[in-house]
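The values are calculated or read from the model by the stated rules, or taken from the named source; none is laboratory data. This one's a predicted model, so the numbers in the text were calculated from it and none came from an experiment. When we count neighbours, we look across all protein chains shown, and the Cβ atoms used for this are built from the backbone with ideal geometry, even at glycine.
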4 protein chains.
Amino acid sequence: MQVRASRHANKLGCGWIFLDMLKGFHYPLTPKGKSTLNPSPPWYYSADFLNIEFWADPSAVKAALPTGLDPDPKADGHASAYFYDWQFSGSNEEYLDPERYQYREFFILVDALFEGRPVSFCPYIFVDNDAALARGWSQGYPKRLGSVFQTRYYAATGKAGPALAAGSKFAGTASAVGQRLAEGVVTLREPVRDPSAFDQRPVVNLLHFPTLAAGKQDKPAVHALVENVPHDVKVEQAWIGDGTLTLPVSKNEELSDLAPRRCGHGIRASMAYIVDDLKTLKDLRG
Amino acid sequence: MQVRASRHANKLGCGWIFLDMLKGFHYPLTPKGKSTLNPSPPWYYSADFLNIEFWADPSAVKAALPTGLDPDPKADGHASAYFYDWQFSGSNEEYLDPERYQYREFFILVDALFEGRPVSFCPYIFVDNDAALARGWSQGYPKRLGSVFQTRYYAATGKAGPALAAGSKFAGTASAVGQRLAEGVVTLREPVRDPSAFDQRPVVNLLHFPTLAAGKQDKPAVHALVENVPHDVKVEQAWIGDGTLTLPVSKNEELSDLAPRRCGHGIRASMAYIVDDLKTLKDLRG
Amino acid sequence: MQVRASRHANKLGCGWIFLDMLKGFHYPLTPKGKSTLNPSPPWYYSADFLNIEFWADPSAVKAALPTGLDPDPKADGHASAYFYDWQFSGSNEEYLDPERYQYREFFILVDALFEGRPVSFCPYIFVDNDAALARGWSQGYPKRLGSVFQTRYYAATGKAGPALAAGSKFAGTASAVGQRLAEGVVTLREPVRDPSAFDQRPVVNLLHFPTLAAGKQDKPAVHALVENVPHDVKVEQAWIGDGTLTLPVSKNEELSDLAPRRCGHGIRASMAYIVDDLKTLKDLRG
Amino acid sequence: MQVRASRHANKLGCGWIFLDMLKGFHYPLTPKGKSTLNPSPPWYYSADFLNIEFWADPSAVKAALPTGLDPDPKADGHASAYFYDWQFSGSNEEYLDPERYQYREFFILVDALFEGRPVSFCPYIFVDNDAALARGWSQGYPKRLGSVFQTRYYAATGKAGPALAAGSKFAGTASAVGQRLAEGVVTLREPVRDPSAFDQRPVVNLLHFPTLAAGKQDKPAVHALVENVPHDVKVEQAWIGDGTLTLPVSKNEELSDLAPRRCGHGIRASMAYIVDDLKTLKDLRG
């Protein structure tokens, strides 16, 4: 039987992609669409985050880039680290199931060029939630599981709740397989006045799904450069100051190859956005 | 060798209790006081929380009370459920180590009387962090490990971030040993205008530390009614509305004996406080 | 740049698939191949497991099947539940990194037919490890994260270690998102004498990788029936007896639709096998 | 009301300590004794374990000892590291609830003297389970939460399941707060012929329960040297060979002060024992 089109389902406004009489965007595809990891897009996000700007060894950045992306000679190894406390929802109040849809994330973006155009590439990213890992893989984010934490701001401040004020410090940590992979601190200086602090180069990732069939393991089913196109991006309550970051050497890991030679700004803010699309820039399969 | 007094240490302002040349308030007591679960008091806290008021079966409330606490006939089984996203700190910027000191908690308080005085008692409480479990046990909170989550408010609201507005919903869940033990929802109506909504009856707990020695297992080393005396309590950003709560029946658990017959208000707020003391009301050892 | 063939890499015996100068079979593809989730096949496995045979409602089994698989009218809803304590390794002693490569798993297989041939299909499966989730997805196993446990046999038996003897009981549990999804018990009767107890119908899965691009979300990049072809399967220390299984109703889950109407045998054994291939039976994309 | 004696309860053979009409040995004390962390002793254990013998800096060992224990000059910093995969049970088939009662543990024992008698002391110990943490605290083991893993032996050996044979390797790791605290490898040489390899010096611990009351925080409620007295100790399937161990330096931890200067034997075995008593050697409270 052919895969059934979803246009009928979409018209019904029920938010499900129908495939083979089974519902779901990600695994598992099920009769009722309840046990599936994620509902279909659009995907809604809110978060508090820390961002730390840094410069890695340009040759380490270059080594991390996939075919089709080139180093940005002007960038000198420029990169960003992010610690996110996310809340996700679909069209069915998924934010009311926080054990299933709330999560934390750490990732690095490195500056690169795609056919001369300034972009960012994500070589490493860690989350503590499977629905987020699945959505990430669909967007070319190479997610692994890890434990990520950041100092939190509370309306009731005190000695355990830093105020949004000059001098306040917010720390972020990320670990995987019982090893600390990243530690950062943002020290606030002032509210962000210049919105260009958030001019993100578009994120271009390597979308990849391998092939297990013997003799074809060098021919992945999916292997392409894709551009993430989130929309309705809002940033609120943003403060800027200094950032520090370390990427400690850990057994059987290689993030530390991107260890900062120097660090730049640190930002602490809240953001929201929507994801419902992905652009393919270049299919890399032979 | 006698246990060395800490007064000298306190004068030094270094925040350590010295015992036997080893440092630490809780286990482990160590040469440098770095690996110990918690620094000495004072203990500082900030949090966002959900509170749901409910009425349980009064006989189930009575059955949960320890010796020395009596049911409150006026309460008719009145109780409260709480879902907390906490951040803890001592005197050494512990809030900058969120993997170690940030945690989530669910608990129930039931109305009772101590020698005729209205109090609350905590029969069940779950956290996802060992430092918090240890501090809890020192205050008579009978903590076990569990996974607790609550819908979060973000400055950047959106379809995944409910605004602080009438009609917004915030959910809380608590599970232990892979079983769901509590689910609640707070639907906001209005900002809290009447501070008496927070008139907490003082929390009186059963402080307990068993004895393993054969023949003395019915003679706990510690077994007393204690009153928690936090101070500098601040509540901010508080909204009130309706609350709903379920305590599902689960294998080898008994919280469901306190299942709500009806629910009352729901509150979503931020709070901070300080803990550095505990009052013993009554030693219950024979 | 074209994707580089791996044949050269294979001749070097270094076990890596080279793509774009980056190494790795699964995400992330990296310069050194250390941080990647999994090494390339072959993949080696050892495990202790529990198997419980049961019969579900045939209409629920039918509803769970993808296009191309048909119910087996002789099966009457026949299915199997499995609780596995796995250890994985590749070609680089990965079994010496148990935090990264040891894991637990629960899954259900239901009897079905592929073009009249008896097969099994996996509608639900849970693991507690990301490397295992990734390998699963490559084989069409629709893995989600969960917590899975089984009673363990120890050479030093005692009141906490059931012996391999008639009457001994071994329990298995699986939970996800803080809810208990499966509970089973195997009560041993005798060592397995008839190897046909292990005649597994070949596992035919739905290999699936969605498309996020707007307008194409009903056109998954990968959507095919695939047959798992493990080899060198060894089963040791196998005992057979009775099995019991429950699949409790849980919020926003649907495994309970396959709840047993009756149960059959239970098996407790140890097994090992090798995975290095996957057969595509039928591409289901339009 | 006085604390009720448990002798009547024991005669009933129901395994519960009754206190204040509430049941339980550890928190929480409850009406039905179902939600309590642990049943009353006797406590039964089975395990597979790795043991690595090492010599730490004697001055670091000395610094870790509590009052009343003296360094053993003949020991030269002799110590042992252990990685355990435990299964626990009480009198109610708790081994059939593995999510609740199965756990993993890492600890270090250092040689010391108590009034001239050779003993071992436990300065650091990590578990991944709250019931185990509670039982540990009752025995003077200063348990914190951590993630612990060890390579496992399976009856179905293969490239992912090392055989019990000369040359086979078994690794153990322990982490806490996202940092790796210990890594060890045991390489097997031969079955253990000399049972004196297991001559454990008795474990003497520091039993400690702090006091939170202001002004008394230097007067712990419990602070004594206690001797663990397990019985019916069985060791099976034991192999001996070489051991290697590292205790990496980690932020805000101090186990690395005991880092091995050299390592000795490694053992991989299975064991079982029973705990139902604890001897107080010396009360250290002023």
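Can you say whether D:Ala182 is under 27 Å from D:Asp76 (Cα atoms), part of a helix (DSSP H, G or I) and out of contact with any Ser or Thr (no Cβ under 6 Å at 6 or more places or on another chain), as far as the supplied structure shows? It would help to see each step written out before you state the result.
Numbers: under 27 Å from D:Asp76 (Cα atoms): yes; part of a helix (DSSP H, G or I): no; out of contact with any Ser or Thr (no Cβ under 6 Å at 6 or more places or on another chain): yes.
Taking the combined requirement at face value, the residue does not satisfy it.
Evaluate the range C:196-207: report whether one residue or more is within 9 Å of chain A (Cβ to nearest Cβ) and within 29 Å of A:Leu133 (Cα to Cα). Please lay out each step first, then the result.
From the range C:196-207, those within 9 Å of chain A (Cβ to nearest Cβ) are C:206-207; that's our starting set.
With within 29 Å of A:Leu133 (Cα to Cα) added as a condition, the list becomes C:206-207.
For the range C:196-207, residues within 9 Å of chain A (Cβ to nearest Cβ) and within 29 Å of A:Leu133 (Cα to Cα): present.
Those residues that are in contact with a strand residue (DSSP E or B) (Cβ under 6 Å, 6 or more places away or on another chain), under 26 Å from B:Trp239 (Cβ atoms) and not aromatic (Phe, Trp, Tyr), I need them from the range B:118-145; list them, please.
B:Ser120, B:Cys122, B:Ile125, B:Val127, B:Asp128, B:Ala132 - these are the residues of the range B:118-145 that are in contact with a strand residue (DSSP E or B) (Cβ under 6 Å, 6 or more places away or on another chain), under 26 Å from B:Trp239 (Cβ atoms) and not aromatic (Phe, Trp, Tyr).
Name the pairs whose Cβ atoms lie under 9 Å apart, with the first residue in the range A:124-136 and closer than 13 Å to A:Glu99 by Cβ, the second surrounded by 24 or more Cβ atoms within 10 Å (Cβ to Cβ) and among the aliphatic types (A, V, I, L, M), and 6 or more positions between them or separate chains?
Within 9 Å, the pairs are A:Asp128/A:Val148; A:Asp130/C:Leu133; A:Asp130/C:Ala176.
Within the range A:259-274, restricting attention to residues that are outside any strand (DSSP E or B) and in contact with a Leu (Cβ under 6 Å, 6 or more places away or on another chain), which residue is surrounded by the most Cβ atoms within 10 Å (Cβ to Cβ)? Spell out the reasoning first.
In the first step, residues of the range A:259-274 are kept if they are outside any strand (DSSP E or B); the result is A:259-261.
With the extra rule that they be in contact with a Leu (Cβ under 6 Å, 6 or more places away or on another chain), the set shrinks to A:259-260.
Working: A:Ala259: 16, A:Pro260: 21.
Restricting to residues being outside any strand (DSSP E or B) and in contact with a Leu (Cβ under 6 Å, 6 or more places away or on another chain), the top hit is A:Pro260.
Every residue in the range C:33-47 that is of a type outside the set (Ser, Thr, Tyr), assigned to a strand (DSSP E or B) and over 30 Å from A:Ile108 (Cα atoms), please. Quick ask: steps written out before the conclusion?
Step one: list which residues in the range C:33-47 are of a type outside the set (Ser, Thr, Tyr), which gives C:33-34, C:37-39, C:41-43, C:47.
From the residues that got through so far, the ones that are assigned to a strand (DSSP E or B) too are C:43, C:47.
Answer for the range C:33-47, where residues must be of a type outside the set (Ser, Thr, Tyr), assigned to a strand (DSSP E or B) and over 30 Å from A:Ile108 (Cα atoms): just C:Ala47.
Any residue in the range B:140-148 that is under 19 Å from B:Thr244 (Cα atoms) and at pLDDT 95 or above? Walk me through it before giving the result.
As a first pass, look at the range B:140-148 and keep what is under 19 Å from B:Thr244 (Cα atoms): B:148.
Retained after the next criterion (residues that are at pLDDT 95 or above): B:148.
Checking the range B:140-148: at least one residue is under 19 Å from B:Thr244 (Cα atoms) and at pLDDT 95 or above.
Within the range C:196-209, which residues are surrounded by fewer than 16 Cβ atoms within 10 Å (Cβ to Cβ) and part of a strand (DSSP E or B)?
Hits for the range C:196-209: nothing passes.
Applying the selection to the range A:238-286, what residues are charged (D, E, K, R) and closer than 24 Å to C:Ala213 by Cβ?
Taking the range A:238-286 and keeping what is charged (D, E, K, R), we get A:242, A:251, A:253-254, A:257, A:261-262, A:268, A:276-277, A:279, A:282-283, A:285.
A:Asp276, A:Asp277, A:Lys279, A:Lys282, A:Asp283, A:Arg285, listed by residue number.
Could you run through the range A:53-72 and say how many residues are within 29 Å of A:Val192 (Cα to Cα), among the charged types (D, E, K, R) and assigned to a strand (DSSP E or B)?
Summing the residues that are within 29 Å of A:Val192 (Cα to Cα), among the charged types (D, E, K, R) and assigned to a strand (DSSP E or B) in the range A:53-72 gives 1.
In the range A:128-176, what count of residues is obtained for those that are charged (D, E, K, R), within 16 Å of the chain's Cα centre (by Cα) and not in a strand (DSSP E or B)?
Keep residues of the range A:128-176 that are charged (D, E, K, R), which gives A:128, A:130, A:135, A:143-144, A:152, A:159, A:169.
Next cut, within 16 Å of the chain's Cα centre (by Cα) only: A:128, A:130, A:135, A:143-144.
Within this subset, residues satisfying the condition of being not in a strand (DSSP E or B) are A:128, A:130, A:135.
Of the residues in that region, 3 qualify.
Here are some residues: D:Trp86, D:Trp55. Which one is surrounded by 19 or more Cβ atoms within 10 Å (Cβ to Cβ) and touching a residue at least 40 places away in the same chain (Cβ under 8 Å)?
Among D:Trp86, D:Trp55, only D:Trp86 is surrounded by 19 or more Cβ atoms within 10 Å (Cβ to Cβ) and touching a residue at least 40 places away in the same chain (Cβ under 8 Å).
Tell me the residue from B:Ala79, B:Ala75, B:Ala112 that is touching a residue at least 12 places away in the same chain (Cβ under 8 Å), among the aliphatic types (A, V, I, L, M) and not in a strand (DSSP E or B), please. Walk me through how you get there before you give the answer.
Working: B:Ala79 fails: not in a strand (DSSP E or B); B:Ala112 fails: not in a strand (DSSP E or B).
When all the criteria are applied, what remains is B:Ala75.
Out of all the residues in the range A:137-148, which are more than 7 Å from chain C (Cβ to nearest Cβ) and touching a residue at least 60 places away in the same chain (Cβ under 8 Å)?
Correct list: A:Gly140, A:Tyr141, A:Val148.
Output the residues belonging to the range D:176-192 that are at negative phi, crowded, with 24+ Cβ neighbours inside 10 Å and of a type in the set (A, V, I, L, M).
The answer is D:Ala176, D:Leu181, D:Ala182, D:Val186.
Give the residue, chosen from B:Glu105, B:Glu93, B:Glu115, that is at negative phi, at pLDDT 95 or above and touching a strand residue (DSSP E or B) at 6+ places or on another chain (Cβ under 9 Å). Spell out how you get there, then give the answer.
Working: B:Glu93 fails: at negative phi; B:Glu115 fails: at negative phi.
Just a single option satisfies the conditions, and that option is B:Glu105.
So, in the range D:267-279, of the ones that are under 19 Å from D:Ser40 (Cβ atoms) and not acidic (Asp, Glu), which residue ends up nearest to the other protein chains (Cβ to nearest Cβ)? Lay out the reasoning, then the answer.
Keep residues of the range D:267-279 that are under 19 Å from D:Ser40 (Cβ atoms), which gives D:273-279.
Subset that is not acidic (Asp, Glu): D:273-275, D:278-279.
Values: D:Tyr273: 8, D:Ile274: 8, D:Val275: 8, D:Leu278: 4, D:Lys279: 7 Å.
So the residue we want is D:Leu278.
What are the pairs, 6+ residues apart or on separate chains, where a residue within the range C:220-247 that is under 15 Å from C:Gln139 (Cβ atoms) and modelled with pLDDT of 95 or more has its Cβ under 8 Å from a residue that is of a type in the set (A, V, I, L, M) and not in a strand (DSSP E or B)?
C:Val222/A:Ala221; C:His223/A:Val3; C:His223/C:Leu284; C:Ala224/C:Leu284; C:Leu225/C:Leu69; C:Leu225/C:Leu284
In the list B:Arg193, B:Arg189, which residue meets the criterion of being at pLDDT below 95 and either assigned to a strand (DSSP E or B) or among the basic types (Lys, Arg) (or both)?
On the way: B:Arg189 fails: at pLDDT below 95.
Step by step, each of B:Arg193, B:Arg189 is checked, and only B:Arg193 is at pLDDT below 95 and either assigned to a strand (DSSP E or B) or among the basic types (Lys, Arg) (or both).
If I ask for residues that are assigned to a strand (DSSP E or B) and either surrounded by fewer than 20 Cβ atoms within 10 Å (Cβ to Cβ) or more than 9 Å from chain C (Cβ to nearest Cβ) (or both), which ones from the range A:210-230 would you list?
Applying the first criterion (assigned to a strand (DSSP E or B)) to the range A:210-230 yields A:222-228.
The answer is A:Ala224, A:Leu225, A:Glu227, A:Asn228.
Given the conditions (1) farther than 23 Å from B:Ser120 by Cα; (2) more than 19 Å from the chain's Cα centre (by Cα), which single one is not true for B:Ser196?
(1)
I need the full set of residues from the range A:20-32 which are crowded, with 22+ Cβ neighbours inside 10 Å and either assigned to a loop (DSSP other than H, G, I, E, B) or touching a His at 6+ places or on another chain (Cβ under 7 Å) (or both), in order please. Full working, then the answer.
From the range A:20-32, those crowded, with 22+ Cβ neighbours inside 10 Å are A:22-29; that's our starting set.
Those that are crowded, with 22+ Cβ neighbours inside 10 Å and either assigned to a loop (DSSP other than H, G, I, E, B) or touching a His at 6+ places or on another chain (Cβ under 7 Å) (or both): A:Gly24, A:Phe25, A:His26, A:Tyr27, A:Pro28, A:Leu29.
Go through the range D:68-78 and give me each residue that's surrounded by 18 or more Cβ atoms within 10 Å (Cβ to Cβ) and more than 20 Å from the chain's Cα centre (by Cα). Before you say what the answer is, go through the steps one by one.
So the first thing to find is which residues in the range D:68-78 are surrounded by 18 or more Cβ atoms within 10 Å (Cβ to Cβ), and the list is D:68-69, D:71-72, D:75, D:77-78.
Matches in the range D:68-78: D:Gly68, D:Pro71, D:Asp72, D:Ala75.
Evaluate the following for A:Leu50: is it part of a strand (DSSP E or B) and either within 9 Å of another protein chain (Cβ to nearest Cβ) or among the hydrophobic types (A, V, I, L, M, F, W, C) (or both)? Working first, answer last.
Working: part of a strand (DSSP E or B): yes; either within 9 Å of another protein chain (Cβ to nearest Cβ) or among the hydrophobic types (A, V, I, L, M, F, W, C) (or both): yes.
Taking the combined requirement at face value, the residue satisfies it.
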